[in-house]
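Q: Pasting in a structure now, in structure tokens, and then I'll have a few things to ask.
What follows is calculated from the coordinates using simple rules that are stated; it is not laboratory data. As the structure is a computational prediction, the values presented were derived from the model and not from experiment. Note: ideal-geometry Cβ built from the backbone for every residue, glycine included; neighbour counts use all protein chains shown.
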Amino acid sequence: MGRQWLQAKREVAGLKKGLMVGKMVKEIMVASKLGGPEPAGNARLFAAMEKARRASVTRDVIERAIKKGAGIGGEKLVMDHVVFEGYTPHKVPVIVEVMTDNNNRTAPEMRLLFKRGQLGAPGSNKFLFDHVGLVEAHHPNATTDIETAAIEAGAQNVEPLAHAENDDIPDGVIGARFISERADLHTVSQWLAQNGWTVVTSELGYVAKNFPELTDEQRTEVGEFLHALDDNDDVHRVWAALQ
């Protein structure tokens, strides 16, 4: 669900693992801006910092990103959060979250990307998604019951998550995607972190209510289109109704 189009993206272009450093740094800034500079009280920031460290982003870069996002010191993060709705080729609904310092530049770029996607097109579709809290995490004990963990953490739903769907989930562990009410995101993340889980993603996101049926060839075309969207420097998250 949601970002599982990344698997199709891997099949299309032999993806490099993880996020680009620039997008990792932006995620740290955004998380710091939205939830404050202290990772102990900001699950999204904590997860973003851990991901950046695993990618060998230096401590100085991480600290500067936190300060800029939180408005500490001389530099301040001035960015607008803009959401674009549309459809990929073969009518797969997609939501694109953008963080930009110049929407007059970004909006035409998004329109051009949809135009280049042949049958890709902008259009209202938020009603086809649920806006929820999403926590992706893994536990070293492969026999851990994810349903029990979801109930105790306060999540509304949970589904298994494998390394093939998220590079941050190691092989040989139990991975899961916990879905919560938006207001419960921090509580769920905190419970998991305090009970042996390693949280790799904690964010608000979109979960599709239904998924179009696609052939392998169509999935490849959709993956190429989503890849092009995600490669834009201002694009922060891409959510698609693709299983």
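Q: Most mobile of Gly41, Gly74, Gly154 per a Gaussian network model of the chain (Cα springs, under 10 Å)?
A: Gly74
Q: Where Lys and Arg each count +1 and Asp and Glu each count -1, what net charge lies around Asp101 among other residues with Cβ under 10 Å from its Cβ?
A: Numbers: positive: Arg105; negative: Asp80, Asp234.
Summing Lys and Arg as +1 and Asp and Glu as -1 gives -1.
Q: Based solely on its DSSP helices, what 222 nm [θ] is calculated for the chain when runs of n ≥ 4 H residues each add -39,500 (n - 2.57) and the sum is averaged over all residues, nearest 500 deg cm²/dmol? Please list the in-between numbers first.
A: Numbers: 8 runs with 95 residues, N = 243.
Theoretical 222 nm ellipticity from helices: -12000 deg cm²/dmol.
Q: Follow-up. Could I get the Rg over Rh figure for the chain? Both from C-alpha atoms, Rh via Kirkwood, rounded to two places.
A: Rg/Rh for the chain comes to 0.95.
Q: Sticking with this structure for a sec: Please work out the Cα center distance from region 191-221 to region 85-112, rounded to the nearest Å.
A: Going from one Cα centre to the other spans 20 Å.
Q: Moving to a separate point now. With 10 angstrom as the radius, rank Trp191, Trp239 by how many other C-beta atoms surround their C-beta, starting from the fewest. Kindly include the intermediate steps, with their values, before the conclusion.
A: Details: Trp191 19, Trp239 23.
Going from least to most buried by this count: Trp191, Trp239.
Q: Another question, then. Given +1 on the Cβ of Lys and Arg, -1 on the Cβ of Asp and Glu, and no further charges, what dipole in debye does the chain carry about its Cα centre, rounded to the nearest 20? It would help to have the intermediate numbers written out before the result.
A: Details: 28 positive and 34 negative charges, 154 e Å.
Rounded to the nearest 20 debye, it is 740 debye.
Q: Just to confirm a number: summing +1 for Lys and Arg and -1 for Asp and Glu over residues other than Ile174 whose beta-carbon lies under 13 angstrom from that of Ile174, what do you get? List each step's numbers first, then the result.
A: Details: positive: Arg177; negative: Glu136, Asp145, Glu147, Glu159, Asp171.
Around Ile174, the surrounding residues sum to -4.
Q: Separate question: Figure the gain on full extension for Thr220 and Arg64 (residue separation times 0.36 nm, minus the Cα-Cα span) and round it to one decimal in nm. Please list the in-between numbers first.
A: Values: separation 156, 0.36 × 156 = 56.16 nm, distance 3.85 nm.
Length gained between Thr220 and Arg64: 52.3 nm.
Q: In Å and whole numbers, how far do the C-alpha atoms of region 129-208 stretch along each principal axis, longest first?
A: Between the extreme Cα coordinates on each principal axis of region 129-208 lie 31, 24, 17 Å.
Q: Here's another thing I want to ask about it. Give the long-range amide H neighbours of His236: residues separated by 5 or more places, or on another chain, with amide H under 5 Å away, using H modelled in the peptide plane at 1.01 Å from N.
A: Those lying under 5 Å, H to H, from His236 are Glu97, Val98, Met99.
Q: Moving on to the next point. Would you be so kind as to identify which of Pro37, Phe178, Gln243 lies farthest towards the positive end of the dipole of the chain, taking Lys and Arg as +1 and Asp and Glu as -1 on Cβ and the Cα centre as origin?
A: With unit charges placed on the Cβ atoms, the residue in question is Pro37.
Q: From the square roots a ≥ b ≥ c of the eigenvalues of the alpha-carbon gyration tensor of region 70-193, which class results: rounded (a/c under 1.5), prolate (a/b over b/c), or oblate?
A: Details: a/c = 2.25, a/b = 1.55, b/c = 1.45.
It comes out prolate by the Cα gyration axes.
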